[in-house]
Amino acid sequence: MKSLNAFISGAVALVFSLPLLAADTLTPEPQQWQPIQEVAIQGDIPELRGMPEHAQFPDALPPVNQGYLDTLAPASWWADLLSYSFFGMIVLLALFVAINGKAKLSQGFSGKKIDRWSGMDVLVHWVGAIACLLLIITGLIMVAGRFWLEPNMGASHWTGFIGTSVALHDLMAFPFILGWAVMVVKWAGKQLPEACDIGWLKVVGGYLNFGSFKGKHPDAGFANAGEKLWFWCFALFGALMVGSGLVLMFPSLVATKDGANLALILHLVSAFVLGAFTVVHIYMATVISEGGMECMLSGKCDENWAKQHHNLWYKSLSKGK
């Protein structure tokens, strides 16, 4: 009897448990994920919830011009080129002055001054000139400093030194751009080619003190051929320097990495040319041409200086009186 009762109880339990067993074998429905939601958590990193609806790989980066990379790759080569072009030109011109001597005024100083540059011209010149010199110095530090200076400086000193140089380089870019733009626009009309420029070049401006060149004073207008070469070099390579420099300071101006690499190449080439010509310009004004520096200090020049170096311009002033 007890066995019968046990059998009946088991059968009843089995019947009532069948729905539960069936429920356990049901196939689960796939979960519907929501798009990613970024939830900001105060004082912590953002929390990401959910999954993207349409997952995809990020866009592949565009290929980089290998030629640009190969041109920029020898960093020590660029460092040597810029350093030797600048300091080498200083040494060469020093030797030239030691051998050739200065281009002195054949009749000495007259003591009579002539207006040559306006006050605005002098101001703009020095704004651009000071900025240009600081850009050259800091640029050399940025390009060649890690080869020439860093090995002889402690890590902490070098870090501060190069950081200051970079900041000053970026800061001086703006007065240089201002000075360059104003000088190019304001002075271009006085720097146009003239017939007398060929004769000036044939005798190297009369600056050589030996052989058949000695004592030559070629004709020249307001600007001689040498000054015109310097001006148009400054205008052209200054434009490349400004444009490429702005790209390096603000990379978003170009769409690809190739644009930035090309800007760096143009910046280095322009620095090479302008650095060397700047040394020549400074030597001509301060050392080689007697009385030349006064023009950009007071805006005036000595009458004998004008007669010897810019005789056609001096004659035009005399006719205008």
Backbone HN-Hα couplings from phi across the range 109-116 [Karplus 6.51/-1.76/1.60, Hz, Gly and Pro as x]: 7, 7, x, 9, 9, 10, 5, 10
For the range 119-245, accessible area per residue (1.4 Å probe, heavy atoms of protein chains only), Å²: 52
How do 88-94, 307-313 rank on mean C-beta neighbours within 10 Å, highest first? 307-313, 88-94
For the range 113-159 and the range 206-244, what is the separation of their Cα centres, given in Å? 22
Can you pull the three principal axis extents for the Cα set of the range 168-275, in Å, largest first? 56, 28, 26
q = 0.20 Å⁻¹, the range 65-117: log10 I(q)/I(0) [Debye, one scatterer per Cα]: -0.85
Give the calculated FRET efficiency between K112 and F87 to the nearest 0.05, with a Förster radius of 56 Å applied to their Cβ-Cβ distance. 0.90
Could you work out the Kirkwood radius for the range 105-191, taking every pair of different alpha carbons, averaging 1/r and inverting it, reported in Å? 15.7
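The values are calculated or read from the model by the stated rules, or taken from the named source; none is laboratory data. Given the structure is predicted, the values throughout are model-derived calculations rather than measurements. Positions of Cβ are generated from backbone atoms using ideal geometry, with glycine treated the same way; all protein chains shown enter the neighbour counts. Just so you know, the surface numbers come from the protein's heavy atoms only, side chains and all, with ligands and any DNA or RNA stripped out. Shrake-Rupley method; radii C 1.70, N 1.55, O 1.52, S 1.80 Å.
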